[in-house]
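Computed from the coordinates by the stated procedures, all read-outs in this text should not be read as laboratory data. Since the structure is predicted, the reported quantities are computational estimates derived from the model, not experimental observations. So basically every Cβ, Gly included, is an ideal-geometry build from the backbone, and we count neighbours across all protein chains shown.
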Amino acid sequence: MSLQKRAVFFDRDGTLIEDKLYLNDPHQIVYLPGVFESLRRLRDGGFHFVVVTNQSGVPRGLVDVGNLRQIHELIRGEFASQGIDILSFHDAPFMTDSNHYFRKPNPGMVLEGARFYNIDLKSSWIVGDRMSDVEAGHRAGTRAVLLGSLESPLGSEFAPPEAHVQTLPEVADFILRHTERAD
Ligand SMILES: [Mg+2]
């Protein structure tokens, strides 16, 4: 009986698009396989979408803030043209060792998005290719899926996700199978 939304919080690099290591050129956005189909299926399952991305390239001087905004507008537009609405993009332009509240594994970006869009964290998920993504979701109160082969839950300092899968279609499969229908 809640008017709260449920959402999937997505990491950006290595999760929705290829990780170019400090992407600064809007022409170098490359979408990962199955991304549009997977988000449409999650959309049809009642999920909204928020992107949460650490951007230490900004304080390093490798990523221009104007380019970062343009990259996010291009990504937003591409998803919109595929029928997928992304509620918002949150970026944390802080150094790796800053331990800033907004930098994953801290939960600031997730909590900010949840508060602004009235998202129920318990019925929401975070998806990312690093255990720091998983941990940011856990600290905020979401469920979590780790994507890809970059990192493993084994030996991590952080608690494991509910699933570790290799592709975005598998992410959608798992979340939809482990979510009760809203209606
Ligand atoms: Mg990533």
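General remarks:
- The ranking of Phe174, Phe10 by Cβ neighbour count inside 10 Å, starting from the fewest, reads Phe174, Phe10.
- A simple charge model with +1 on the Cβ of Lys and Arg, -1 on the Cβ of Asp and Glu and nothing else charged puts the dipole of the chain at about 440 debye relative to its Cα centre.
- Rh by Kirkwood over Cα pairs, then Stokes-Einstein D for region 31-74 at 1.306 mPa s and 10 °C, µm²/s: 126
- Fewest-first sequence of His178, His90, His27 by Cβ atoms within 10 Å of each Cβ: His27, His178, His90
- Which of Gly61, Ser149, Trp125, positive extreme of dipole for the chain (C-beta unit charges): Trp125
- For region 1-59, the Kirkwood radius over C-alpha pairs fed into Stokes-Einstein at 25 °C and 0.890 mPa s yields D = 188 µm² per second.
- Computing Rg and the Kirkwood Rh from the Cα coordinates of the chain gives a ratio, Rg/Rh, of 0.93.
- Along the chain, longest interval not containing exposed GluC sites (Glu not before Pro), exposed being DSSP loop plus at most 10 other Cβ atoms within 10 Å: 1-156
- All aspartates and glutamates inside 13 Å of Lys5 as judged from Cα atoms, apart from same-chain residues fewer than 8 positions distant: Asp120, Asp183
- Computed from backbone phi with θ = phi - 60° and the Karplus coefficients 6.51, -1.76 and 1.60, the 3J(HN,Hα) list for region 143-148 is 8, 8, 10, 9, 10, x Hz; x is used for glycine and proline.
- Global geometry of region 89-180, whether rounded, prolate or oblate, following the gyration tensor of its Cα atoms and the 1.5 cut on a/c: oblate
- Sorted ascending by nearby beta carbons within 10 Å, beginning with the fewest, Lys104, Lys20 become Lys20, Lys104.
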